[in-house]
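Undergrad: Structure below; questions to follow.
The values are calculated or read from the model by the stated rules, or taken from the named source; none is laboratory data. Just so it is clear, the structure is predicted and the values come from calculations on it, not from any experiment. All Cβ positions, even for glycine, are placed from backbone atoms using ideal geometry, and neighbour counts span all protein chains on display.
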Amino acid sequence: MDIHALQQIVHGTRDARRKQTLPKFSPADRDQLIHKYHPDYRERAYRPIRFGPNRGDKTVIELASLLEGDSSIADEFDLTADYTTDVLVVGGGGAGCAAALHAHTSGAKVMLATKLRLGDSNSVMAQGGMQISVAPGDSPVTHFVDTLKGGHMQNDHQLLKVMVEEGPSIAKWLLSLGVLFDRDGDGNLHVKKGGGSSKPRLLTCSDYTGLEIMRVLKDEVLNQNIQLLEFCAAIELTSDEKGNCTGAIFKDLDNHRHVVVAAKSVILATGGIGRLHIQGFPTSNHYGATGDGLCLAYRLGAKLTQIDTFQYHPSGAVYPEQLIGALVTEGIRSEGGHLVNAKGERFVNELDTRDVVSSSIIRECEEGRGIRTMSGRVGVWLDTPLLDAEHGPGTLEKHFPAMMLQFDRFGIDISKDPVLIYPTNRLMGNSLLDLMVFGKRSGLTAAVRAAAMPQGKLTVGHLKGFRAEAKKHGSSNGIVSPMILPAYTRKE
Ligand SMILES: Cc1cc2nc3c(=O)[nH]c(=O)nc-3n(C[C@H](O)[C@H](O)[C@H](O)COP(=O)(O)OP(=O)(O)OC[C@H]3O[C@@H](n4cnc5c(N)ncnc54)[C@H](O)[C@@H]3O)c2cc1C
């Protein structure tokens, strides 16, 4: 059936849905739902890593193969340094910029090297907002408890405590640099309620929060004259005879030459792995999110944590084809947008935690209550016109200008027609805070460390050990990592 015909069910059932009682989940129901439908529980998508620091640990097949992958650097590579610095930051997203700025403020000589342009990253695409307990009636303790619940009590309590406690100082720092967070009529910071949160806590800049934060951080990196290497992808780390990291080798993506940087401290801020399309999921991640830093650190002996859980954003676009995987911000559900199945019914509290909402959407689709597009993709409706219907014409345009424009390019007016969505692969609100807090802390620590030590020798001695282990475990997957950029061309 034509997509416009299918959309009529959303318009026709709005009144009934306003009165609908939502299904209530007991803790046991939630567990059962997640175990049955959440992609993290699909056994076939995982395998144990064969060797290295995480030997025996299970992770998704796509990541395991890259971690076991070989380096493109030969044992006898010429390691004459092209640049020498105190602190080398690899990655030009939010974490990298925050780390570089704080290391610089501490007096270190800093170089920031990044695979694409400064700011080309997931950080720039963040829309929904940044969770920080700044509102009256909220507190870091409440933020801590909400996050613990959302993480099924699996969170690292110490890291979480640091993150929520340092949140308000991060908000002050960003405001002092010039970030234009949304304000209410009295000029106070305006906060919205995010999924899984008991209080409104999301600081936003309309629906382009990441873009605004990155506008300011990028400017600041340039204003402070931090040395930049753009279009340079880190492809290996260097180590001294004790296995300490002493720098990195980059591939210049313009001229394919290698660039060697010697550094007393190296910070890897290369972001996530969305572009690996784990389990075949579409993604809203930027092209550089291929887990490069994980591979580099792994070869040098770093044990990775929490590589068995990934976050799936409930609402990625399914239609039109050109927008597949693009994020439809949680903000729309925060402002009351209903999720609707093919029968015209709501089937979950739209502001439940992401794992519950994602699992519920997958359940609807797997049990035949999804909506199928002409190209065979399945999803459920997000009733976007409801926002204008409930809060007055122009609400969507005012609060979600970027989202309106994104669909308008393809002739779709989301204030009139609902959008079709399905979970996509990626990470609500805590991530922006996470990268600011830990970017800052790593920048400060790296600067102190650099001031206290001489530059170590540059070798790739660690590769010998890694390759020997790979051989011992019969690994000959033929994969060279890091991936740098995903290949979308067809094999033939
Ligand atoms: C569409 C979208 C919307 C989101 N919305 C929100 C939101 O509303 N709130 C929220 O909290 N979070 C949100 N997130 C998640 C959040 O944006 C990210 O988790 C966070 O920005 C990651 O920051 P980062 O600095 O660690 O990584 P990134 O911002 O991805 O930066 C990584 C950088 O490293 C570079 N790099 C990668 N590999 C190499 C290499 N080999 N050599 C050199 N450089 C390299 C990349 O090019 C990039 O510049 C969203 C994410 C997406 C994709």
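Undergrad: Within the range 410-444, can you find the residues that are away from the ligand (no atom under 14 Å from the Cβ) and buried (at least 18 other Cβ atoms within 10 Å of the Cβ)?
TA: ILE412, ILE414, SER415, ASP417, PRO418, VAL419, LEU420, TYR422, listed by residue number.
Undergrad: When THR283 is evaluated against the numbered criteria (1) within 14 Å of the ligand (Cβ to nearest atom); (2) under 28 Å from THR373 (Cα atoms); (3) in contact with a Phe, Trp or Tyr (Cβ under 6 Å, 6 or more places away or on another chain), which criterion, by number, is the only one it fails?
TA: (3)
Undergrad: Okay, next question. If you check every pair at least six apart or on different chains, which have Cβ atoms under 6 Å apart with a residue in the range 110-136 that is more than 14 Å from GLY210 (Cβ to Cβ) first and a residue that is within 7 Å of the ligand (Cβ to nearest atom) and modelled with pLDDT under 95 second?
TA: Cβ pairs passing all conditions: LYS115/GLY288; LEU116/GLY288.
Undergrad: Here's something else I'd like to know. With the structure loaded, tell me whether SER139 is more than 14 Å from the ligand (Cβ to nearest atom), out of contact with any helix residue (DSSP H, G or I) (no Cβ under 8 Å at 6 or more places or on another chain) and either in the same structural domain as LEU174 (by TED's automatic domain parsing) or within 30 Å of PRO27 (Cβ to Cβ) (or both) or whether it fails that test.
TA: Yes.
Undergrad: Still on this structure: When you go through LEU323, LEU327, LEU351, LEU339 one by one, which is the residue that is of a type in the set (A, V, I, L, M) and surrounded by fewer than 20 Cβ atoms within 10 Å (Cβ to Cβ)?
TA: Matching residue, one of LEU323, LEU327, LEU351, LEU339: LEU351.
Undergrad: Scan THR59, THR80 and give me the residue that is within 22 Å of ASP292 (Cα to Cα), at pLDDT 95 or above and of a type in the set (Ser, Thr, Tyr).
TA: Checking each option against the conditions leaves just THR59.
Undergrad: Exactly one of (1) hydrophobic (A, V, I, L, M, F, W, C); (2) out of contact with any helix residue (DSSP H, G or I) (no Cβ under 9 Å at 6 or more places or on another chain); (3) under 24 Å from LEU405 (Cα atoms) is unmet by LEU180. Its number?
TA: Status for LEU180: all satisfied but (2).
Undergrad: Return the residues of the range 253-294 that are farther than 29 Å from THR85 by Cβ and part of a helix (DSSP H, G or I); say none if nothing qualifies.
TA: Selection gives GLY274, LEU276, ILE278, GLN279, GLY280.
Undergrad: Moving on to the next point. Give the range 445-460 a look and list any residue that's farther than 16 Å from GLY91 by Cβ and buried (at least 17 other Cβ atoms within 10 Å of the Cβ), or say none.
TA: Answer for the range 445-460, where residues must be farther than 16 Å from GLY91 by Cβ and buried (at least 17 other Cβ atoms within 10 Å of the Cβ): THR445, ALA447, ALA450, GLY456, LEU458, THR459, VAL460.
Undergrad: All but one of (1) surrounded by 20 or more Cβ atoms within 10 Å (Cβ to Cβ); (2) among the hydrophobic types (A, V, I, L, M, F, W, C); (3) more than 16 Å from the ligand (Cβ to nearest atom) hold for VAL90, so report the exception by its number.
TA: Exception for VAL90: condition (3).
Undergrad: Would it be correct to say that GLN322 is of a type outside the set (Lys, Arg), under 17 Å from the mean Cα position of the chain (by Cα) and under 30 Å from ILE3 (Cβ atoms)?
TA: For GLN322, the condition - of a type outside the set (Lys, Arg), under 17 Å from the mean Cα position of the chain (by Cα) and under 30 Å from ILE3 (Cβ atoms) - is not met.
Undergrad: What pairs come out if I take residues in the range 227-241 that are closer than 17 Å to GLY271 by Cα and pair them with residues that are assigned to a strand (DSSP E or B) and of a type in the set (S, T, N, Q) whose C-beta lies under 9 Å away, six or more apart or interchain?
TA: Every condition considered, the pairs that remain are LEU237/THR246.
Undergrad: Which pairs have Cβ atoms under 6 Å, sit 6 or more apart or on different chains, and link a residue in the range 279-308 that is outside the structural domain of PRO320 (by TED's automatic domain parsing) to one that is β-branched (Val, Ile, Thr) and in a loop (DSSP other than H, G, I, E, B)?
TA: PRO282/ILE324; GLY291/ILE273; ASP292/THR270; GLY293/THR270
Undergrad: Okay, next question. Could you look through the range 457-483, keep only residues that are assigned to a loop (DSSP other than H, G, I, E, B), at negative phi and under 29 Å from the mean Cα position of the chain (by Cα), and pick out the one that is farthest from the ligand (Cβ to nearest atom)?
TA: ASN477
Undergrad: Here's another thing I want to ask about it. Taking the condition of being surrounded by fewer than 20 Cβ atoms within 10 Å (Cβ to Cβ), within 15 Å of the ligand (Cβ to nearest atom) and at positive phi, how many residues in the range 223-259 meet it?
TA: 2
Undergrad: For the condition within 23 Å of ASP207 (Cα to Cα) and either surrounded by 23 or more Cβ atoms within 10 Å (Cβ to Cβ) or at pLDDT below 90 (or both), what is the one hit in GLN279, GLN311?
TA: Exactly one of GLN279, GLN311 is within 23 Å of ASP207 (Cα to Cα) and either surrounded by 23 or more Cβ atoms within 10 Å (Cβ to Cβ) or at pLDDT below 90 (or both), namely GLN311.
Undergrad: Continuing with this model, one more query. For the range 1-41, how many residues meet the condition of being under 24 Å from the mean Cα position of the chain (by Cα) and in a loop (DSSP other than H, G, I, E, B)?
TA: Within the range 1-41, residues that are under 24 Å from the mean Cα position of the chain (by Cα) and in a loop (DSSP other than H, G, I, E, B) number 1.
Undergrad: Please pick out the residue among GLY274, GLY291 that is touching a strand residue (DSSP E or B) at 6+ places or on another chain (Cβ under 8 Å) and under 24 Å from ASP40 (Cα atoms).
TA: GLY274
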